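Okay, so here's the structure we're looking at.
The values are calculated or read from the model by the stated rules, or taken from the named source; none is laboratory data. From a predicted model like this one, the values you see are computed outputs, not experimental measurements. Cβ coordinates were reconstructed from backbone atoms using ideal geometry, including for glycine residues, and neighbour counts include every protein chain displayed.
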Amino acid sequence: MNIHYYINIANKHRQEFQLFKNSFFPIVMKWEGGEKLHKVSGDSGGWTLFGISYNNNKGLFVDFNDFKDTTRAEASYIAFVKYYLASKAHLLPHSAKLYYFDMAYNMGVSRAIKIMQKCVGVKADGIIGPITISKMKHVSEKCLMIERNSFYNRLVTKNYKFNKFIKGWLNRSKSIYDFKY
């Protein structure tokens, strides 16, 4: 793995990365299984370590053994760049950053962006352009939570196979929402 790419980017956002690494990442790890390598039946991500799914990130690793050797520090750099910065969580009000990052890490960046866009009243196309950026400072954590939970419930209604995940998804959503830092 070429972790230096991610370290270099994180170093350009040193203060935001420290907030992320020390405050947000540890909280989300409680829901992601931390350093336990695991695979949940029915989860498209496959093998997961520190919330990083092998199926969705194969290009980052030489092979599966390289993936299994990922450290918590390396995972924090990857999560910061691929999810936190990619979703532009750093542009949100401080009170919504953790929740929004957790959405991006759990649901994917594009889905998190679309939910955030819905909350700020712009076209929910998953693309963060100048109009979305100008509105991001107005997003509320409460709206993110309501829309996230609605998405989960619609997903289960459309596909009963996801029913086994709904309780965990909603518990995670509530726990992250209730967390005060």
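Is there a residue in the stretch 115-122 that is assigned to a helix (DSSP H, G or I) and of a type in the set (D, E, K, R)? Yes, the stretch 115-122 has at least one match. Residue-level check: of (1) on the phi > 0 side of the Ramachandran plot; (2) part of a helix (DSSP H, G or I), Trp169 misses just (1).
Determine whether the stretch 72-80 contains at least one residue that is crowded, with 19+ Cβ neighbours inside 10 Å, of a type in the set (Gly, Ala, Ser), part of a loop (DSSP other than H, G, I, E, B) and not assigned by TED's automatic domain parsing to the domain that holds Ile131. No, the stretch 72-80 has no match at all. In summary, Lys164 fulfils each of the numbered conditions (1) surrounded by fewer than 19 Cβ atoms within 10 Å (Cβ to Cβ); (2) free of Cβ contacts under 8 Å to residues at least 24 places away in the same chain with the single exception of condition (2). Comparison of Lys142, Lys164 shows that the only residue that is at negative phi, in a helix (DSSP H, G or I) and modelled with pLDDT under 95 is Lys164.
Annotation for the stretch 15-23: at least one member residue is modelled with pLDDT of 95 or more and more than 27 Å from Thr132 (Cβ to Cβ).
The rows are residues; the columns are (1) more than 20 Å from Asn106 (Cβ to Cβ); (2) surrounded by 15 or more Cβ atoms within 10 Å (Cβ to Cβ); (3) basic (Lys, Arg); (4) at pLDDT 95 or above.
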| position | (1), (2), (3), (4) |
| --- | --- |
| Ser53 | no, yes, no, no |
| Lys58 | no, no, yes, no |
| Asp66 | yes, no, no, no |
| Lys82 | no, yes, yes, yes |
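Is one or more of the residues making up the stretch 131-139 surrounded by 15 or more Cβ atoms within 10 Å (Cβ to Cβ), in contact with a helix residue (DSSP H, G or I) (Cβ under 6 Å, 6 or more places away or on another chain) and either in the same structural domain as Lys39 (by TED's automatic domain parsing) or part of a loop (DSSP other than H, G, I, E, B) (or both)? The answer is yes; a qualifying residue exists.
Flag set for Ser95, criterion: surrounded by fewer than 16 Cβ atoms within 10 Å (Cβ to Cβ), of a type in the set (Gly, Ala, Ser) and out of contact with any His (no Cβ under 7 Å at 6 or more places or on another chain). Looking only at residues of the stretch 1-42 that are hydrophobic (A, V, I, L, M, F, W, C) and assigned to a loop (DSSP other than H, G, I, E, B), we find that the one that is surrounded by the most Cβ atoms within 10 Å (Cβ to Cβ) is Met1. Note on the stretch 43-68: residues that are free of Cβ contacts under 8 Å to residues at least 24 places away in the same chain, more than 21 Å from Gly168 (Cα to Cα) and part of a loop (DSSP other than H, G, I, E, B) amount to 1.
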